[in-house]
Amino acid sequence: MFLKIIKIHKHEAGLYFHEAELRGVLAPGRHWFFDPLGRVRVEVVSQRAPWLVHEKLDVIVKSGTLGDRALVVDLKDYQRGLVWIDGRFSHVLPPGLFAYWTTYRDVKVEVVDARTVRFVHPDLAIIVKSQHAERLLECFAVPAGHVGVWFRDGAFVETLPPGRHVFWRNIAEVKLVPVDTRELILDVAGQEIMTADKVTLRLNVLVTYRIADARLSMTVADDARQALYRETQLVLRALVGARELDNFLADKDGVVQELDQGIRRRVPGLGLEVVTVKVGDKLIAVFNERGRYFAIDDVCPHMGASLSGGYVEQGIVTCPWHAWRFRLADGAWADNPRIKIGCYPVRVVGDEVQIQVPGGPPRPTAQSEEQI
Ligand code: FES
């Protein structure tokens, strides 16, 4: 009765304890113990499941009895383990003590230093998909057309390209901010600006830009786009405020050019790059007066009202807002003909009204439209 027989199968090992102290690892076969006081305990474990999980693993490892039957890994706080079993990735290990049977399975553990914070590996895609990997790894996706600005504990580290980026958790505070590097449009609309001769104009500016230095754009100003908006306003106000109205209208192209240069000078410090600057969109009003067609700029230079909604009489359209009057035949301001707005040649071809716009082919409109 005091004899204890333990049978260990070929794929098994026996953890032999005597009074809770590990005495050895039993190999396959029959083992006989004389145990009148019930002090012997043998735990039979399968070596086909290679991970040896045991509450007394530290005792087992320290006893040295595992020998070359197991691979022991002791990971420090800053280390992580990548476990490969039979050539396939299995799991990621946190800091701690681990042991794997190696008799029946080919186990390899790759120890990595997590102090780098960013985790880069040729098999990254497989590793991040493994079970429970998200407990130790944090993934960020930077979309196409963007870059990722990486901050570690609040300090800039580097700018990363589009794609997936993976970082170790619990090492540092990581922030990866996606920044759009495609061409963007800033609409500085409805700017009411007074000319030098005290006429208020309403202007729209479209700035096409892109972010040239993502880090700078994030760190120099709290909002680079808002800063660009402010800079555009300032340059525009300075240019228009220094000119009298007729001078402004006579040299619109020069104003746009100066505006462009002025904005370009200011934006590099914001990490931005200006692509184009345009003042207003070209909206054209077409009028049919007694069977004859006329085309002039639709936007009233005073405060931006649409002239197509104005009252037409004797070849003159009166602005619906403040009654500035423009001649349909040449776009001249009827009360001061030195000031002109754009006026365009019109021809009728079949059922189309075609307008010749500088720099573009004839623009057709439906013949039924009297004003647009
Ligand atoms: S908007 Fe004032 S006159 Fe046209």
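The values are calculated or read from the model by the stated rules, or taken from the named source; none is laboratory data. What you see is a predicted model; the values in this text were computed from it and never measured. Cβ sites come from the backbone with ideal geometry, for glycine too, and all protein chains shown count toward neighbours.
Numbers below:
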| item | result |
| --- | --- |
| Residue satisfying all of: in the range 148-202; part of a strand (DSSP E or B), of a type in the set (Val, Ile, Thr) and modelled with pLDDT under 90; surrounded by the fewest Cβ atoms within 10 Å (Cβ to Cβ) among these | 185 |
| Identity of the residue in the range 78-115, surrounded by fewer than 16 Cβ atoms within 10 Å (Cβ to Cβ) and small (Gly, Ala, Ser), that ends up nearest to residue 134 (Cα to Cα) | 96 |
| Elements of type strands (runs of 3 or more DSSP E) contained in the range 254-328, each with 1 or more residues being small (Gly, Ala, Ser) and touching a helix residue (DSSP H, G or I) at 6+ places or on another chain (Cβ under 8 Å) | 284-289 |
| Residue check for residue 246: closer than 21 Å to residue 190 by Cβ, charged (D, E, K, R) and surrounded by 16 or more Cβ atoms within 10 Å (Cβ to Cβ) | no |
| Residue check, residue 267 within 16 Å of residue 196 (Cβ to Cβ) and assigned by TED's automatic domain parsing to the domain that holds residue 204 | no |
| Odd one out for residue 316, checked against (1) among the β-branched types (Val, Ile, Thr); (2) closer than 30 Å to residue 215 by Cα; (3) more than 42 Å from the chain's Cα centre (by Cα) | (2) |
| Pairs where the first residue, in the range 23-46, is surrounded by fewer than 12 Cβ atoms within 10 Å (Cβ to Cβ) and the second is assigned to a loop (DSSP other than H, G, I, E, B), C-beta under 8 Å, 6+ apart | 34/2; 36/2 |
| Flag for residue 286 being in contact with a Ser or Thr (Cβ under 9 Å, 6 or more places away or on another chain), buried (at least 18 other Cβ atoms within 10 Å of the Cβ) and touching a residue at least 40 places away in the same chain (Cβ under 8 Å) | yes |
| Scope the range 203-223; condition modelled with pLDDT of 90 or more and either in the same structural domain as residue 153 (by TED's automatic domain parsing) or among the small types (Gly, Ala, Ser) (or both); matching residues | 212, 214, 217 |
| Cβ pairs under 7 Å, 6+ apart, first in the range 319-342 and in contact (Cβ under 8 Å) with a residue 12 or more places away in the chain and under 11 Å from residue 249 (Cα atoms), second more than 11 Å from the ligand (Cβ to nearest atom) and in a loop (DSSP other than H, G, I, E, B) | 340/330; 340/331; 341/331; 342/331 |
| Any chance residue 348 is away from the ligand (no atom under 16 Å from the Cβ), of a type in the set (Val, Ile, Thr) and at pLDDT below 85 | no |
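Residue by residue, here is whether (1) within 59 Å of the chain's Cα centre (by Cα); (2) under 25 Å from residue 105 (Cα atoms); (3) not in a loop (DSSP other than H, G, I, E, B) holds:
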{"residue": "5", "(1), (2), (3)": "no, no, yes"}
{"residue": "16", "(1), (2), (3)": "yes, yes, yes"}
{"residue": "30", "(1), (2), (3)": "no, yes, yes"}
{"residue": "33", "(1), (2), (3)": "no, no, yes"}
{"residue": "38", "(1), (2), (3)": "no, no, no"}
{"residue": "41", "(1), (2), (3)": "no, no, yes"}
{"residue": "44", "(1), (2), (3)": "yes, yes, yes"}
{"residue": "49", "(1), (2), (3)": "yes, yes, no"}
